[in-house]
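Below: the structure, in structure tokens.
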Amino acid sequence: MALDGVTLSHLIREIAPNLIGARIDKINHPEKEEIHLSLRNLGQSFRLLLNTSATSARINLTEKNKKNPTSPPMFCMILRKHLEGGKILSIKQLGLERIIVINIQNYNEYGDLANLELHLEIMGKHSNLILVDPKNNVILDGLKRYSHAVSRHREVLPGRTYIAPPSQGKVDPITLEDNWRLHLYQGELASKVGDLLVKNFSGISPELSREIITRAGLELNIRLEQCGDIDISRIFQNYTILADPEKLTTIEPCLYYQGGANPNRKANTGLPIAFTFLPFQQYQGLFNETRATLNEVVESFYGLKASNNNLEAKRGSLRKVIQEHSQHLDKKIGIYDETLSKAEKGLNYQRWGELIVANLYRIDPGAKEVEVEDYNEESLPQIKISLDPQLSGIDNSQRYYKLYNKAKVTIQKTEPLKEAALKELEYLDSVLLSLEQASSTQEIDEVHKELIDEGYLAGKQSNKSKGKSGKASKNGKSIKGAKASKGEAPKPKVFFSSQNRPILVGKNNRQNDWLTLKRGRPQDLWLHTKNIPGSHVLIPLEEGEEFPDDTTLEEAAALAIYFSQAKGSSLVPVDYTHVKNIKKPNAAKPGMVIYETNWTLFLTPKPETIENLLASETNELPFL
């Protein structure tokens with residue numbers, strides 16, 4: 001959701017008391033399109049965030065202290081020169097346009113008090129932050145500089161006259177219905193009412209327009225020509241409630257998340273899809289959170305969005321590494337298959353050598369082939385065997401014996417290589433699954449560390465990958481100069497069955513190993529999809545308890561399927577056994593275990609079962 005003019009008006013009115021009269025202690029430029037002003041006012045500290053990115057342009061107070069570049073960009077240095085130590089006199093929005101002007105008073109280089117203005121223009125990809133001297137309306141600098149080659153309307157360059165963005169011809173909130181109708185009917189009768197509200201009236205976004213129409217009890221796609229007099233009146237009534245910030249003095253900020261309002265849901269999951277200054281009827285049925293202030297909602301929405309973008313960037317880079325290695329293994333397996341196919345044909349050479357020896361009397365000197373009966377088959381078929389005319393019969397048989405031995409050796413050497421490549425490919429599939437399922441930076445980092453430990457990425461290896469000497473190792477060989485990294489303890493997912501029994505799920509191979517081999521007790525029940533990459537699932541059992549109730553067992557199996565490559569499939573086989581039956585072979589890859597004694601359950605998870613299980617998630621590990 002974009003920060004529309006009406007919502008921005010409520011936000012400015014909310015944060016203005018903390019800003020007016022505040023002193024600017026420090027200015028930072030942590031990201032390319034983001035400026036932070038550290039403020040002090042009435043004995044309190046605040047941090048004002050000004051963002052001009054295409055998808056996240058905004059203004060809000062934040063508590064996040066982001067890391068700054070080693071050398072500040074030019075625009076940051078200009079702001080520090082003119083604004084640090086200054087006092088904010090006012091902050092105002094130009095009508096309901098998404099343009100904010102912050103008036104700051106500070107001493108100039110001559111020691112005189114002077115006023116400067118920071119103009120935050122929220123305009124999608126054209127968003128900008130511009131420092132202006134209002135005395136002569138000259139631009140001192142802009143976060144994004146551009147000339148007439150980019151914009152015919154104006155230039156944003158030091159020394160140029162500041163020209164406001166072009167007006168869109170929209171009108172500010174109208175209190176008289178007759179006057180409002182005149183502006184509404186300026187559009188064509190065939191136009192959608194929602195489009196006309198956005199086009200003709202200030203501060204209204206498509207989302208706010210939909211809400212006005214929804215509250216009026218009309219279809220979202222209704223056209224102006226389809227509206228009766230009563231319909232227009234209902235639209236106007238809701239317009240005056242939602243689109244005039246001066247009349248709406250009490251707000252109730254909300255965050256909305258994808259997914260229904262499940263009564264078992266304990267907290268939000270995933271990325272918020274919208275934020276509003278009042279509960280919106282169009283989002284009725286979605287899981288929502290109400291916050292005390294609109295600033296909290298804006299900060300949470302864009303903060304989570306930024307975290308998700310960073311998460312996806314990390315996920316994308318690691319996915320590329322895994323896919324490149326998998327493609328390389330696919331090529332190797334193809335070469336091995338081709339080699340084995342040719343070698344398997346060479347296994348016939350032993351039989352040919354024997355047939356030549358048995359039929360030496362039929363071979364004339366210089367013969368290029370011989371036709372013999374194949375006594376290895378009951379029908380005694382006649383077959384032709386090619387000969388080297390330069391060799392005797394015995395030498396021809398020895399040549400075929402040598403080719404047979406070569407083929408046999410090739411198969412003996414190639415089959416283990418192919419098997420190892422297939423196991424490595426299976427392992428990389430499990431790592432890729434872990435990567436796709438990762439929902440936090442910590443889980444992504446765990447996959448990153450695993451790839452380093454297994455030698456797929458360069459970096460410092462952990463203790464698990466080190467040899468006895470304490471030095472990091474790869475394939476059993478020590479690597480000098482590497483140091484151990486302790487890292488945080490794994491945090492597997494914890495869910496509760498409908499019988500209120502805990503179910504633990506590993507989200508990656510590191511968590512799987514820890515959950516099964518360290519956290520799990522001998523009597524606990526372990527589950528995993530049969531021959532399908534997926535998470536280890538653990539049901540803690542009491543001493544003397546052999547199995548949990550059937551419902552908990554089925555729900556744990558449903559989670560094993562959900563967190564596997566078989567997600568969404570039907571009749572998926574899930575193996576389950578006790579932890580005491582689980583073994584990890586020497587030199588096995590992370591997450592790889594073996595077992596012999598087990599039971600198998602075939603299950604098609606029900607969507608409502610999965611939804612209730614996911615809603616029961618908690619961050620607390622049960623005491624074992």
Nearest-20 debye value, segment 246-360 charge dipole, Cβ charges on Lys, Arg, Asp, Glu: 180 debye
Relative to the longest principal Cα axis of the chain, at what angle does helix 393-437 sit, 0 to 90 degrees, rounded to 10? 20 degrees
Once you charge only the Cβ atoms, +1 for Lys and Arg and -1 for Asp and Glu, what is the size of the charge dipole of segment 2-121 about its Cα centre, to the nearest 20 debye? 340 debye
Sum of side-chain charges, Tyr562 neighbourhood, beta-carbon under 14 Å (Lys, Arg +1; Asp, Glu -1): -2
Options (i) -0.56, -0.83, -1.07, -1.23; (ii) -0.27, -0.49, -0.80, -1.22; (iii) -0.32, -0.58, -0.92, -1.31 - which one matches log10 I(q)/I(0) by the Debye sum over Cα atoms at q = 0.06, 0.08, 0.10, 0.12 Å⁻¹ as calculated here: (i)
Mind checking the angle between helix 441-453 and the chain's longest principal axis? C-alpha axes, 0 to 90 degrees, to the nearest 10. 30 degrees
So if I take the centroid of the Cα atoms in segment 365-400 and the same for segment 509-542, what is the distance between those two points in Å? 59 Å
Excluding ligands and nucleic acids, what accessible area in Å² is computed for Asp112 using a 1.4 Å probe, to the nearest 10? 90 Å²
Putting +1 on Lys and Arg Cβ atoms and -1 on Asp and Glu Cβ atoms, find which of Leu329, Thr529, Ala615 reaches farthest to the positive end of the dipole of the chain. Leu329
What order do Asp513, Asp395 take when sorted by accessible area (1.4 Å probe), most exposed first? Asp395, Asp513
Using the heavy atoms of the protein chains and a 1.4 angstrom probe, tell me the accessible area per residue for segment 541-624 in square angstrom. 58 Å²
May I ask for the distance between the Cα centers of segment 46-65 and segment 185-262, given as a whole number of Å? 28 Å
Just want the answer: with Cβ charges of +1 for Lys and Arg and -1 for Asp and Glu, which residue in Asn288, Asn51, Asn108 is farthest toward the dipole's positive end in the chain? Asn108
Would you mind getting the accessible area per residue of segment 3-146, heavy atoms of the protein chains only, 1.4 Å probe, in Å²? 45 Å²
In the chain, what percent of the accessible surface is made up of carbon and sulfur (1.4 Å probe, ligands and nucleic acids excluded)? 50 percent
Mind scanning Lys584/Lys606; Lys67/Lys460; Lys32/Lys81 and naming the pairs with a C-alpha gap bigger than 28 Å? Lys584/Lys606
Give the accessible area for Lys125 in Å² (nearest 10); use a 1.4 Å probe, count only protein heavy atoms, and leave out ligands, DNA and RNA. 150 Å²
Around Tyr302: net Lys/Arg minus Asp/Glu count, Cβ-Cβ under 11 Å: +1
Rounding to the nearest 20 debye, state how big the charge dipole of the chain is about its Cα centre with +1 on each Lys and Arg Cβ and -1 on each Asp and Glu Cβ. 2740 debye
Dipole-positive endmost among Ile15, Pro206, Thr175 within the chain (Cβ charges, Cα centre): Ile15
Hey, what do the phi angles of segment 232-238 turn into as Karplus ³J(HN,Hα) couplings, whole Hz, using 6.51/-1.76/1.60 and θ = phi - 60°, x for Gly and Pro? 5, 5, 5, 4, 5, 4, 6
Using a Cα-Cα cut-off of under 15 Å, which aspartates and glutamates could be cross-linked to Lys418, ignoring same-chain neighbours fewer than 8 residues away? Asp330, Asp337, Glu338, Glu344, Glu426
With Cα coordinates, the longest principal axis of the chain makes an angle with the long axis of helix 294-345, in degrees rounded to 10, of 20 degrees
How do the peptides 607-619, 540-552 rank, highest first, by the average count of neighbouring beta carbon atoms within 10 Å per residue? 607-619, 540-552
Could you count how many Lys pairs in segment 214-349 have their Cα atoms under 29 Å apart, skipping same-chain pairs fewer than 8 positions apart? 12
Rounded, prolate or oblate: which one fits segment 64-161, using the alpha carbon gyration tensor with axes a ≥ b ≥ c (rounded when a/c is under 1.5, else prolate when a/b beats b/c, else oblate)? rounded
Let me check I've understood the local charge: for Leu515, count other residues with C-beta under 11 angstrom from its C-beta, Lys and Arg +1, Asp and Glu -1. What total comes out? +4
Mean separation of Cα contacts under 8 Å (at least 6 apart) over the residue count of the chain, i.e. the relative contact order in percent, is 7 percent
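The values are calculated or read from the model by the stated rules, or taken from the named source; none is laboratory data. Small disclaimer: the values here were computed from a predicted structure and weren't measured. Positions of Cβ are backbone-derived with ideal geometry, glycine not excepted, and every protein chain shown enters the neighbour counts. For the accessible areas, the whole protein counts, side chains as well, though only heavy atoms, and no ligand, DNA or RNA atoms are used. Shrake-Rupley method; radii C 1.70, N 1.55, O 1.52, S 1.80 Å.
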